[in-house]
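As structure tokens, the structure follows; a few thoughts come after it.
The values are calculated or read from the model by the stated rules, or taken from the named source; none is laboratory data. In this text the structure is predicted, and so the values were computed from the model without any measurement. Note: ideal-geometry Cβ built from the backbone for every residue, glycine included; neighbour counts use all protein chains shown. Side chains are part of the model used for accessible areas, which takes the heavy atoms of the whole protein and leaves out ligands, DNA and RNA. Shrake-Rupley method; radii C 1.70, N 1.55, O 1.52, S 1.80 Å.
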Amino acid sequence: MTAAANQSGRRPTTSRRLERAGIRDVAAAAGVSITTVSDALNGKGRLPDETRSRVREVAERLGYRPSAAARTLRTGRSGLIGLTVTTYGEEPFTFTEFAYFAEMARAATSAALSRGYALVVLPASSRHDVWGNIALDGTVVIDPPDQDPLVSELYRSGVPVVSDGKPGNCPVTAWVDNDHEAAVLGILDHLSEAGARRIGLLTGTSTDTYTRLSTDAYLGWCERVGQEPVYETYPAHDPAAGALAADRLLARPDRPDAVYGLFDPNGTDLLAAARRYGLRVPEDLLLVCCSESDVYAGTEPPITTLSLKPRRIGTTVVNLLIDAIEGVDSSGVASSDPVKGTRLFPPRYRTASAGPPPGTLMPTELIVRASSQRRSPRTTVSPPRPPGET
């Protein structure tokens with residue numbers, strides 16, 4: 001700033017550009033009261049549609065954004081919702097290590113922003129009291145294990161929780177999940193139809209419902225068809241442990257001729273283990289894994305994957321949570337649409353007679369590639385002989 005500018009008392013032009021329009025500016029430009037501006041922007045009051053539209057146009061033109069502090073005072077809400085994975089307890093876990101969590105978090109972030117909320121990704125535990133330092137309107141918890149202490153604490157605090165995964169004994173407001181039993185049975189039948197006679201499983205040691213329901217479905221299928229179960233378990237948050245489990249599975253004396261891996265890295269782990277043991281895929285070993293990664297379309301051979309549709313789930317859980325926070329329908333009766341028009345009461349409004357929390361099941365998709373299909377025997381066709389040649 002120059003001395004002349006200081007002496008004149010005028011603020012520089014750049015300062016005026018940095019100033020944010022306030023509600024008084026919008027009211028003055030639109031020729032209405034501050035109360036009318038507030039009602040128009042918040043969908044309240046009995047205003048003519050023309051007035052409401054004019055106020056919103058002026059606010060947009062001026063770049064007006066309501067103050068977060070003012071909104072908190074007015075509504076009692078911070079505009080922040082949490083997202084966390086508690087399946088692995090205090091073990092270190094990074095969302096981006098698994099394509100499912102990365103896709104789900106990306107969709108959840110977009111859904112939150114579209115409804116005026118910000119998504120905060122939080123660790124299940126920390127030496128800092130990050131949960132106590134952030135005022136959350138609600139939280140999405142991915143795959144909570146039974147008796148999840150974090151979910152129980154949020155419940156006691158009156159914070160609504162929607163879980164990505166059936167919650168077991170956890171007191172959540174609502175949940176969204178896939179039909180894991182049906183998905184696993186479909187994969188096992190697919191492998192059987194491709195010629196598999198001994199199907200193995202790579203599964204985890206955690207107690208979340210995805211792992212438990214998928215493993216139970218496999219064990220039930222084995223009992224039904226008369227096959228001895230062939231499976232290995234490992235802590236799914238540890239990539240190195242997954243490679244070791246894949247090696248153990250293919251080193252067994254009762255080695256399977258087909259394997260389904262529940263977790264993202266299992267496809268590449270099993271493919272590498274098969275090569276170490278001289279097994280050809282798919283001739284000697286059929287492979288399927290659950291993954292959202294497009295890497296598997298380019299492996300040799302391409303690996304069949306089960307998609308849990310995490311983008312759809314991420315969008316749905318956030319909309320359910322915000323509906324619970326805001327109370328979309330005062331009647332408290334869920335509509336046929338699981339996302340819009342549903343009133344979900346936060347836990348503090350629930351009673352023992354309210355019954356289990358409402359749940360929504362999402363479809364899965366099996367993307368069939370070469371790794372789970374036996375190649376047809378190669379047929380050699382001799383060229384036609386010239387006439388008269390014997």
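Leaving ligands and nucleic acids out of the surface, order T360, T315, T84 by accessible area at 1.4 Å, largest first.
Values: T360 25, T315 55, T84 0 Å².
Correct descending sequence by accessible area is T315, T360, T84.
Sort largest first and round to whole Å: the equivalent ellipsoid semi-axes of region 150-209, each the square root of five times a Cα gyration tensor eigenvalue. Before the final figure, lay out each step's value.
On the way: eigenvalues 250, 29, 6 Å².
For region 150-209, the semi-axes come out at 35, 12, 6 Å.
Could you tell me which of rounded, prolate or oblate describes region 97-198, using a ≥ b ≥ c as the square roots of the eigenvalues of the alpha-carbon gyration tensor, with rounded for a/c under 1.5 and, failing that, prolate when a/b is larger than b/c and oblate otherwise? Before the final figure, lay out the partial values.
On the way: a/c = 2.50, a/b = 1.93, b/c = 1.29.
It comes out prolate by the Cα gyration axes.
If Lys and Arg each add +1 and Asp and Glu each add -1, what is the summed charge of the other residues whose beta carbon sits under 12 Å from the beta carbon of T364? Before the final figure, lay out the partial values.
Working: positive: K309, R312; negative: D177, D179, E181, E292, E365.
Counting the neighbours of T364, the net charge comes to -3.
Which residues' amide hydrogens lie under 5 Å from the amide hydrogen of L201, considering only partners 5 or more residues apart or on another chain, with H built in the peptide plane?
Long-range HN contacts for L201: V230, Y231, E232, Y260.
Using a/c under 1.5 as the rounded threshold, could you call region 209-285 rounded, prolate or oblate? The axes a ≥ b ≥ c are square roots of the C-alpha gyration tensor eigenvalues, and prolate needs a/b larger than b/c, oblate otherwise. Before the final figure, lay out each step's value.
Numbers: a/c = 2.01, a/b = 1.16, b/c = 1.73.
It comes out oblate by the Cα gyration axes.
Using 7 Å Cα-to-Cβ label points, what is the L244/E300 separation (nm, one decimal)?
Going by the 7 Å Cα→Cβ label model, 3.0 nm.
With every protein chain left in place, what is the accessible area per residue of region 97-206 in square angstrom, probe 1.4 Å? Mind showing how you got there, number by number?
Numbers: 4330 Å² over 110 residues.
Here the per-residue accessible area is 39 Å².
From the square roots a ≥ b ≥ c of the eigenvalues of the alpha-carbon gyration tensor of region 157-249, which class results: rounded (a/c under 1.5), prolate (a/b over b/c), or oblate?
Working: a/c = 2.85, a/b = 1.62, b/c = 1.76.
It comes out oblate by the Cα gyration axes.
With all distinct Cα pairs included, what does the Kirkwood hydrodynamic radius of region 224-267 come out to in Å, to one decimal, could you say? It would help to have the intermediate numbers written out before the result.
Numbers: mean 1/r = 0.0884 Å⁻¹.
The answer is 11.3 Å.
Provide the solvent-accessible area of M362, counting protein heavy atoms only and rolling a 1.4 Å probe, rounded to the nearest 10 Å².
Rounded to the nearest 10, the figure is 20 Å².
How much length is gained if the chain between R197 and A135 is pulled fully straight, taking 0.36 nm per residue apart and subtracting their Cα-Cα distance, in nm to one decimal?
Numbers: separation 62, 0.36 × 62 = 22.32 nm, distance 5.43 nm.
Result: 16.9 nm gained on full extension.
Take the solvent-accessible surface of the protein heavy atoms, probe 1.4 Å, and return the percent of it on region 168-300 that carbon and sulfur atoms account for.
Numbers: 2600 of 5170 Å².
Ligands and nucleic acids excluded, carbon and sulfur reach 50 percent.
Starting from region 267-323, pick out the trypsin sites (Lys or Arg not before Pro) whose DSSP state is loop and whose Cβ has at most 15 other Cβ atoms within 10 Å. Numbers along the way, then the final one.
Values: sites: R275, R276, R280, R311, R312; in loops: R280.
Those satisfying the criteria are R280.
Near the amide H of G327, under 5 Å away, which other amide H atoms are found, from residues 5 or more places off or on another chain, if H is placed in the peptide plane?
Counting only residues 5 or more places away or on other chains, the set is L344.
Order the following by accessible area, largest value first: S192, S114. Probe radius 1.4 Å; ligands, DNA and RNA are ignored.
Numbers: S192 40, S114 90 Å².
Output order, biggest surface exposure first: S114, S192.
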